[in-house]
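Taking it in order: structure first as structure tokens, then the write-up.
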Amino acid sequence: MQCKPDFTLGKYTGLEIKRDKVEVTDEDVQAEINAKLEEAGAWIPVVDRPAQKGDQVIIDYSGSVDGVKFDGGTASNQSLTLGSGAFIPGFEEQVEGMNIGENRDITVTFPEEYHEKSLAGKQAVFAIKLNEINVKEVPALDDETVKDISEFDTVAEYKADVKSKIEEKKNAEADSKLENDLIQTIADGSQVEIPQCMIDNQIDDMVQEFEQRLQYQGLNAKDYYKYTGMTQEKLKEGYKEMAEKNVKLRLTLDALLKAIKVPVSDEEIDEKIADMAKQAGKTFEEYKGFINEQYREYLRKDLITSKLFEYLKNNNKIK
């Protein structure tokens, strides 16, 4: 059955599109550096005070509901950073103030939406023993630290590089949003009656992609549906609006490619492969051996799409 509609492409030149202004503040740079310093920090044992927020504690615990232990409620030498929110609400706060070697019973209530339905909303008692307290020692930002965490010798060089990379990332995000806005604006001005079969196919693809992402995270789709109360049908229903939008955007892109006819030569594909080879530390001839015709076609389509967006940017008013 034919499942592709007639498509009337709207105006695609002379449009006014806004591009987000890119600014990198000192706060942006410092936040990035702070994250790097935090990553380079080391956990140092603490023995002369109780546990407090921000500490990493090593604990044994055993949980029970109505006096009965439950599956997954017992662990030994479990690492937990207090204040991280990794455990049930109220758990970490009650560990604060404990000393090494201390035992304490704490009471918490599982959230109503807890993934294990048999525990949802239930009150539980956890018997806890605190074995270790560690505090994160974060290095100071100086030239010596910079040499340890980067390829640079001075704080000034490092800060300049961090700023440049943030700016590059923000520009890439602004360009991506601009391209999306361009296609969306052109799609909004185009006319099409999208057959239900195209929307259904898109929804099926989105559900399949979602379930694959669950698998990559080590989750089984059936278990996810069971624990969350979600069903595949509910998921499909929630995807309807986005699926219709995605189909129209894809049809718009296809129509633009037919209307503009962007040429890409074999030489341009070879240039792309040469760049990839350089990044991989190989010669063009070495890297070319890994490229089959199917991948060359993929590169051709990628270059065509890039050139199409350059055409649109050059033929519309970008504010």
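In this structure the amide hydrogen of ASN131, modeled in the peptide plane, comes within under 5 Å of the amide hydrogens of ILE58, ILE59, ASP60, GLY101, none closer than 5 places in sequence on its chain. Between LYS11 and CYS197, the distance separating the two model label sites (each 7 Å from Cα on the Cα→Cβ line) works out to 3.5 nm. The residues of the stretch 174-319 present an accessible area of 65 Å² per residue when probed at 1.4 Å with all protein chains retained.
Evaluated at q = 0.14, 0.15, 0.19 Å⁻¹, a Debye calculation over the C-alpha positions of the stretch 30-103 (equal weights, vacuum) places log10 I(q)/I(0) at -0.56, -0.63, -0.91. Per atom type, the stretch 65-221 shows carbon and sulfur on 44% of its accessible surface, probed at 1.4 Å. Taking label points 7 Å from Cα along the Cα-to-Cβ direction, LEU257 and ASP223 give a separation of 3.9 nm.
Basic side chains Lys and Arg get +1 at the Cβ, acidic Asp and Glu get -1 at the Cβ, and with that the dipole of the chain about its Cα centre reaches some 1220 debye.
Computed from the alpha carbon atoms alone, the convex hull of the stretch 228-319 holds 215 Å³ per residue. Residues MET242, MET276 ordered from highest to lowest accessible area at a 1.4 Å probe: MET242, MET276.
The stretch between GLU267 and LYS317 holds 14.9 nm of extra length on full extension. This uses 0.36 nm per residue minus the Cα-Cα distance.
A 27 angstrom limit on the alpha carbon distance is what I want to check against. Which of LYS21/LYS278; LYS11/LYS236; LYS18/LYS307 exceed it? Going by Cα-Cα distance, LYS21/LYS278; LYS11/LYS236 fall outside the 27 Å limit.
Each DSSP beta bridge with both residues in the chain is either parallel or antiparallel, and the antiparallel ones are about 95%.
Rolling a 1.4 Å probe across all protein chains gives ARG296 an accessible area of roughly 40 Å².
What you get for the stretch 240-316, charging only the Cβ of Lys and Arg (+1) and of Asp and Glu (-1), is a dipole of about 460 debye around the Cα centre. If you look at the Cα atoms of the stretch 58-178, you get an Rg and a Dmax of 22.3, 60 Å.
Convex hull over the Cα atoms of the stretch 1-132, averaged projected area in nm²? Here the figure is 17.7 nm², rounded to one decimal. Cross-link pairs exceeding 27 Å between alpha carbons, from the set LYS248/LYS313; LYS282/LYS313; LYS159/LYS288: LYS282/LYS313; LYS159/LYS288. Taking every alpha-carbon pair within the stretch 117-268, the share separated by more than 24 Å comes to 69 percent. The value for the chain of Rg(Cα) / (2.2 N^0.38 Å) is 1.41. Taking every full run of DSSP H in the chain, the ones that stretch at least 18 Å from end to end by Cα along their long axis and average -1.0 or higher on the Kyte-Doolittle scale are 26-40, 155-188, 196-216, 232-260. Over the residues of the chain, the helix contribution to mean residue ellipticity at 222 nm works out to -16500 deg cm²/dmol, using -39500 (n - 2.57) for each DSSP H run of at least 4. FRET efficiency for the GLU286 to LYS117 pair, using the beta carbon distance and R₀ = 51 Å, is estimated at 0.40.
Contact order, relative form, for the chain: 24 percent (alpha carbon pairs under 8 Å, 6 or more residues apart, mean separation divided by residue count). Net length available on complete extension from ARG49 to ASN34 is 2.8 nm, with 0.36 nm assigned per residue and the Cα-Cα distance removed.
Volume per residue of the convex hull around the Cα atoms, evaluated for the stretch 156-221, comes out as 101 Å³.
The values are calculated or read from the model by the stated rules, or taken from the named source; none is laboratory data. Worth saying up front: this structure is predicted, and the values here are computed from it rather than measured. Cβ sites come from the backbone with ideal geometry, for glycine too, and all protein chains shown count toward neighbours. Quick note on the areas: whole protein, heavy atoms, side chains included, nothing else; ligands and nucleic acids left out. Shrake-Rupley method; radii C 1.70, N 1.55, O 1.52, S 1.80 Å.
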